[in-house]
Amino acid sequence: LSTAWSQRMEPPRNEPPDEPPSLCCPITQVIFRDPVFVPEAGTTYERGAILTFWRQAGERRDPLTNTPIRSDVLYTNWDKRREVASWLGEHLDYTPQGWRSRDDIPQGRRIIFDPPQSDRNPQQLLAAARRFPGLSAKTCAILACVITAISSGLGVNISAELVSIAVGSAQPPSDDS
């Protein structure tokens, strides 16, 4: 009886709560702060963790299955964010590992994978630019040319001829000229 009585009278321990595995990133093993859904993989990852994984691997692969991922688009997983917010609402004194504060939640956004500099080519950049809504074909082509020139060290000295080739209004010079 005295043991049961003393256990009831002990102050609560300040141990952190166990983070539910369903709210943790499969890569980092900590609670989601910025969960994103990778449609081809059907899996949610922490945004920074999946982007770091892809950059270090030099290609897009699913970390759990090692399956190649063709799509480079990530979508904020709003349902997972709501689940995390609900769980944090039940643990008011807890700040998850890696968070600066309980309010450290970035704005949701769509992000395109940024391949390593050595892998960039105009066709990849043109395809990436075309995914942005509201950009005309001409604007996408010019953007691809500018980024290619800058990343290859040419600076901003892009000739009108190169731009007109990119937008299809001129033909590249032949080897005869």
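The values are calculated or read from the model by the stated rules, or taken from the named source; none is laboratory data. From a predicted model like this one, the values you see are computed outputs, not experimental measurements. So basically every Cβ, Gly included, is an ideal-geometry build from the backbone, and we count neighbours across all protein chains shown. What goes into the accessible areas is simple: the full protein's heavy atoms, side chains included, and nothing from ligands, DNA or RNA. Shrake-Rupley method; radii C 1.70, N 1.55, O 1.52, S 1.80 Å.
N77 satisfies every condition listed in (1) free of Cβ contacts under 8 Å to residues at least 60 places away in the same chain; (2) open to solvent by 20 Å² or more (accessible area, probe 1.4 Å); (3) farther than 24 Å from S101 by Cβ except (3). As a summary of the residue check, V84 satisfies the conditions (1) loosely packed, with under 15 Cβ neighbours inside 10 Å; (2) in contact (Cβ under 8 Å) with a residue 60 or more places away in the chain; (3) assigned to a helix (DSSP H, G or I) except for the one numbered (1). Of all residues in the range 43-61, those being crowded, with 19+ Cβ neighbours inside 10 Å and under 23 Å from R81 (Cα atoms) number 7.
Taking the criterion of being of a type outside the set (D, E, K, R) and surrounded by fewer than 17 Cβ atoms within 10 Å (Cβ to Cβ), the residues of the range 29-42 that qualify are Q29, V30, P39, G42.
Among the residues examined, S22 qualifies as of a type in the set (G, A, S), open to solvent by 30 Å² or more (accessible area, probe 1.4 Å) and at pLDDT 95 or above.
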